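Step one of this worksheet: look at the structure below.
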Amino acid sequence: MTRPRTRGADEIMRDVARKQVSRRGLMKGAAAAGLVLPTAGTPLSAIRSAAAAQDEPLGSALIGELEGPIVLVDAPRPENLKQAPMLDPLVEDGTLPPVEERVPLEPLVVQPVEGIGTYGGVLRRGFTGPGDDENGNRYNSGDKLIFWDYTGTEFRPALAKSWEFSDEDRVFTIHLREGHKWSDGEPFTADDFVFWYEDLYLNPDIVPVPSGTFAINGQQGRVEKVDDLTVSFVFEEPYPLFLTILGGTTFMGSGQMTSRGFHGGAYAPAHYLRQFLPKYTAQAELDQMATEENVEDWIALLRLKSQWYLNPDLPILGPWRCVSPINTPNWTMERNPFYYEVDPEGNQLPYLDGIQMTLAENLEVLNLRAIAGEYDLQERHTDIAKLPVFLENMEQGDYSVHLDPGSYGSDATLQVNHSYDGDPEVAQWLHNADFRRALSMGIDRDQLNETFWLGVGSPGSVAPDPSVPQSPGEEWRTMWATRDVEQANQLLDEIGLTEKDGDGFRVRSDGNGRLRLEIFAISGAFVPFPRIAQAIAQQWQEIGIQLDVSELERNLGMTRMRNNEHQLFMWANDGSELIYAFPRHALPVDPAEAMMGPLIATWFVTNGEEGMEPTEQAMLDAIDLYRSAGGQTTEEANATAQEIWKIIVDNVFSIGTVGVSPAVMGIRIVKNTMGNIPARQVNMQHARTPQSSHPATFFFRNGGGS
């Protein structure tokens, strides 16, 4: 069969420059669920006709029915196991043992969404550089202890075969899979958990601040080995929320690949990492290794060697291992021959031989390559503003477009640093709830929605979508989140910011000139944060507030944020729809990424011994509620989350703009040659989108890729 001609990115670029597409109303209401997605390759004219026939806007026809693979929890290992043809020569020459010796005696059996796939092919994707590790982490999140079903609402086994609570929820025990091995063939056992706990987690040089997710009411838990395949997490008080913690993107639940070398995830390859610790290797030898790797000391060496995307030698448990690292123009991965998942017919997963990520100099280049059909599957960094062009080029690029709306409140959130202390004048206003309320009411969210979201988003606060169990209610989406310049100005006057300079901007109360706020806006990530921040800066002129936008590269911006240098930081508040599974975008309780207050996060996890105590009682109340949820049932914890959200929204701890949309990780471009691709997948941080769709089951229909 002759394929449609695929245009190059340069030709697409010229075409995009010529076209002026209308954004207004193109996708209004696209978050409506349940509409049937047109079949792969459907022409744009047919999509328009389908939308018109359903009396729905164009975008709605691109949202399919939620579906995904089924984890067959109690299924035994199939009698006949099969392997990818690329592994045959390695078995024949003795490099690898037979597949029967590589697959655990108790594998995870997964029924693909469409059917049994075929082996072969390398998935082509784009990435934006060394800071884009989540691009690969999410495809390899099969290395978590516990995961979710494709709806993101029910727990499912992963590395852990099973688990149970005991001693009135003080002890959480997991059972590993017999015969499970690391990617280098070494056994994966309880000893890897003991090593992680005793040699990494308890070493203050490696983990200087203990994790709040491994503590209940400030009391740290411990790891105990029961036998080679059984591990217990033991706490001094009941901790039923620990199951959610392990299922979330938390320090304890991150898995090896998502911990990013911060040594979370509750286990580590002891047989490999021991060599980088002074306990097992002479200091002089470690110093020499650090020098050879051009890093500062053994701690930096250990972190480098612990990051799967930088160290191809690191044994892993996910479906693909790194071959060429992320700091090269082609970040490549190939199958893990010891991966623990199989399909019902005994085919060891993954079906795909590998993944190749090609460096894009910027997001424009990445999107143009996607438009030109040069990627097989790309949902990360695809620009919602390009949706009309994606649709116009589906036939030429031989791909289909899927929309996966998220459930969190804001794609571009102004995260307020509640521990900022760089300028006492600015700090006092950032810590003032009425000041933050005024800033929020000074934003024209409808204008932002039409300009940057094509009208598809939901303008509002940071509160999650009303459909999720932890939502405080629909009315909290609009509290302090509707433009009201008059009330905003009144609030600013009432708190004492009455004086203005000749240009109409409010001046500092200490007499040192104009009051200026600064926001860090990361470039090249998801939605155009710098441009959105500039638009808000123009809108705030009407309330007399100057906003200076600092556009930063992601790694630099995150480093400066962790150093407590920011006043405001723009980022999505993804993950907050399940606040306990990923709290960092809702409350400052996670030092790994505490945009809302790095020093407060340190104060939280050290029980006040270090860091900065919040200056506002409302923040203390919210954190107390968050801490109390650890000992509650799911229903009680959800009710507590609703109360937390009410405090967050009423006090505008962070400022939402537009969300509940597919703009972040939800514009999915899929080559028509691919199989086992869900019509719609959940777009949730704790579901590690697209891991809930089990990428190990994706395959090429022609068996060899595009």
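The values are calculated or read from the model by the stated rules, or taken from the named source; none is laboratory data. All values derive from a computational prediction rather than experimental measurement. Here the Cβ is made from the backbone with ideal geometry for all residues, glycine too, and neighbour counts use every protein chain on show.
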Quick check on Arg156: is it in contact with a Phe, Trp or Tyr (Cβ under 6 Å, 6 or more places away or on another chain) and either without any contact (Cβ under 8 Å) to a residue 60 or more places away in the chain or within 30 Å of Pro469 (Cα to Cα) (or both)? yes
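So that you can scan it fast, the table gives a plain yes or no per residue for (1) of a type in the set (Asp, Glu); (2) over 24 Å from Leu145 (Cβ atoms); (3) modelled with pLDDT under 95:
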| site | (1), (2), (3) |
| --- | --- |
| Glu593 | yes, no, yes |
| Gly597 | no, yes, no |
| Val664 | no, yes, yes |
| Phe699 | no, yes, no |
Could you check the range 139-162 and list, in sequence order, the residues that are within 18 Å of Pro104 (Cα to Cα) and over 16 Å from the mean Cα position of the chain (by Cα)? Leu145, Ile146, Arg156, Pro157, Ala158, Leu159, Ala160, Lys161, Ser162
Here are the criteria: (1) closer than 30 Å to Pro466 by Cα; (2) without any contact (Cβ under 8 Å) to a residue 12 or more places away in the chain. Tell me which single one Ala427 does not satisfy. (1)
So, in the range 311-328, exactly how many residues are surrounded by fewer than 20 Cβ atoms within 10 Å (Cβ to Cβ) and assigned to a loop (DSSP other than H, G, I, E, B)? 6
Return the pairs, sorted by first residue and then second, in which the second residue is aliphatic (A, V, I, L, M) and part of a helix (DSSP H, G or I), the first residue lies in the range 209-226 and is touching a residue at least 12 places away in the same chain (Cβ under 8 Å), the beta carbons are less than 8 Å apart, and the residues are 6+ apart or on different chains. Val209/Val605; Pro210/Val605; Ser211/Val605; Gly212/Val605; Thr213/Ile245; Ala215/Val605; Val223/Val194; Lys225/Val194
Against the definition (of a type in the set (Asp, Glu) and either exposed (fewer than 14 other Cβ atoms within 10 Å of the Cβ) or in contact with a His (Cβ under 8 Å, 6 or more places away or on another chain) (or both)), how does Glu224 come out, yes or no? no
I'm trying to understand the selection: among the residues of the range 354-403, which are among the polar types (S, T, N, Q), surrounded by fewer than 24 Cβ atoms within 10 Å (Cβ to Cβ) and part of a helix (DSSP H, G or I)? Gln396
Just one of Leu145, Leu105 is out of contact with any strand residue (DSSP E or B) (no Cβ under 8 Å at 6 or more places or on another chain), touching a residue at least 40 places away in the same chain (Cβ under 8 Å) and over 21 Å from Met665 (Cα atoms); which is it? Leu105
If we keep just the residues of the range 463-487 that are without any contact (Cβ under 8 Å) to a residue 24 or more places away in the chain and of a type in the set (Asp, Glu), which is nearest to Asp434 (Cα to Cα)? Glu486
So is Asn135 among the polar types (S, T, N, Q), touching a strand residue (DSSP E or B) at 6+ places or on another chain (Cβ under 8 Å) and touching a residue at least 12 places away in the same chain (Cβ under 8 Å) or not? yes
Determine whether the range 613-630 contains at least one residue that is of a type in the set (Val, Ile, Thr), more than 16 Å from Pro588 (Cα to Cα) and assigned to a helix (DSSP H, G or I). no
